[in-house]
Amino acid sequence: MDNTRRSVIEEKHSNAMLLSTVVSMALLTFIFFVYTRLFGQMGAILPLYNTLLILSFASFACAAVFAVIAIKKSEFFVEYSLLCSVLTVCFFAMRGIPFIPAKHAAIVAIALIVLYWVLSFAYHSFWQKISVSKTVQNIVIIAFLVIAAALIALFIVSLAKMPFFNLWYTDTLY
């Protein structure tokens with residue numbers, strides 16, 4: 001590999017690491033905000049539940065868009081597709097589902113974001129030693145999207161069995 005091509009790839013990895021750090025820190029700040037509001041101010045619960053629902057579906061849409069970009073154009077979007085797939089599940093679980101309390105889901109979301117940042121840092125720092133084929137990347141992206149969609153469907157089905165079921169919270173009966 002010539003020096004010009006190598007420096008371009010190094011710059012791309014450096015930029016991706018910077019973006020990953022910014023995304024991780026913004027997500028951690030948001031999760032901490034949600035966590036303190038959910039368990040500190042009872043009046044803020046309904047708007048946050050609805051916000052988490054919107055963010056869950058928006059994250060899934062972003063995961064799908066990043067997946068298409070990663071498959072068609074650039075492997076640098078693989079990690080963002082995977083992160084959005086995981087966030088889809090985390091945001092929905094933070095609303096509180098029958099078998100995962102919201103408090104535990106928030107802690108798991110924080111742990112996963114930190115893990116993502118560490119793995120991203122390791123990958124972008126040692127990218128020249130790590131080789132993953134495009135086929136494997138595509139399979140992983142599709143698997144994460146399918147898992148996220150299946151878990152959201154499972155969560156919705158399990159919630160539908162509860163009294164006063166409604167995805168969009170409008171009162172405090174729930």
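Could you tell me whether L55 is modelled with pLDDT of 80 or more, farther than 18 Å from Y116 by Cα and buried (at least 19 other Cβ atoms within 10 Å of the Cβ)?
Answer is yes for this residue.
Taking the criterion of being more than 28 Å from V157 (Cβ to Cβ), exposed (fewer than 14 other Cβ atoms within 10 Å of the Cβ) and among the hydroxyl-bearing types (S, T, Y), would at least one residue in the stretch 28-42 satisfy it?
For the stretch 28-42, residues more than 28 Å from V157 (Cβ to Cβ), exposed (fewer than 14 other Cβ atoms within 10 Å of the Cβ) and among the hydroxyl-bearing types (S, T, Y): present.
Working only within the stretch 68-102, note down all residues that are basic (K, R) and closer than 21 Å to V140 by Cβ. Don't jump to the end; show me each part of the working.
Residues of the stretch 68-102 basic (K, R): 72-73, 95.
Passing the criteria: K72, K73.
Considering only the stretch 100-142, state which residues are touching a Phe, Trp or Tyr at 6+ places or on another chain (Cβ under 7 Å) and among the polar types (S, T, N, Q). Outline the logic, then answer.
Taking the stretch 100-142 as the starting set, the residues that turn out to be touching a Phe, Trp or Tyr at 6+ places or on another chain (Cβ under 7 Å) are 103, 106, 130.
Residues satisfying the conditions do not exist here.
What are the pairs, 6+ residues apart or on separate chains, where a residue within the stretch 94-114 that is of a type in the set (V, I, T) has its Cβ under 6 Å from a residue that is open to solvent by less than 10 Å² (accessible area, probe 1.4 Å)?
Going by the 6 Å Cβ cut-off, the qualifying pairs are I97/F155; I100/A93; I110/I31; I113/S24.
The values are calculated or read from the model by the stated rules, or taken from the named source; none is laboratory data. Worth saying up front: this structure is predicted, and the values here are computed from it rather than measured. Note that we place each Cβ from the backbone using ideal geometry, even for glycine, and neighbour counts take in every protein chain shown. Ligands, DNA and RNA are excluded from the accessible area calculation, which covers all protein heavy atoms including side chains. Shrake-Rupley method; radii C 1.70, N 1.55, O 1.52, S 1.80 Å.
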